[in-house]
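Since the structure comes first, as structure tokens, the remarks are kept for the end.
The values are calculated or read from the model by the stated rules, or taken from the named source; none is laboratory data. As the structure is a computational prediction, the values presented were derived from the model and not from experiment. Because the Cβ atoms are built from the backbone with ideal geometry, glycine has one as well, and the counts that use them run over all protein chains shown.
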């Protein structure tokens, strides 16, 4: 828990934050409290105010960057899931723990370890797939192209 306090002109404002740190809203509240409660005979200097605004601008940019990374991560996860779904019923060759084996994908699940494929009764991470092919029975009946 982080506790911050601003004391000016005999007034004290205490802000408690239970998250990982101060958010941009908390920063703005502290800045507003500082400006509201500053001593008129000893105001905040221009350089301090500009430095605080620069800090806020940097905080805002980091927040926006974090949001964009989260969106990118979601898009990547969805793309990987679509890739895994396209392997359903197909024969895959996977390399897990230096062992290579081949089997048909019968199930796909999204776990804490990532996207897992059930191949011949064995859980295989999507990243372990080295080759994808039509099952032998379907490959024989597929039209030649």
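A few remarks follow.
- Filter result for residue 52 (within 15 Å of residue 127 (Cβ to Cβ) and surrounded by 11 or more Cβ atoms within 10 Å (Cβ to Cβ)): no
- Selection count, the range 101-121, where residues are surrounded by 10 or more Cβ atoms within 10 Å (Cβ to Cβ) and modelled with pLDDT under 90: 4
- Residue 81 surrounded by 14 or more Cβ atoms within 10 Å (Cβ to Cβ) and in a loop (DSSP other than H, G, I, E, B): no
- The condition (being assigned to a helix (DSSP H, G or I), modelled with pLDDT under 85 and exposed (fewer than 11 other Cβ atoms within 10 Å of the Cβ)) is satisfied by just one residue among 39, 140, 75: 140.
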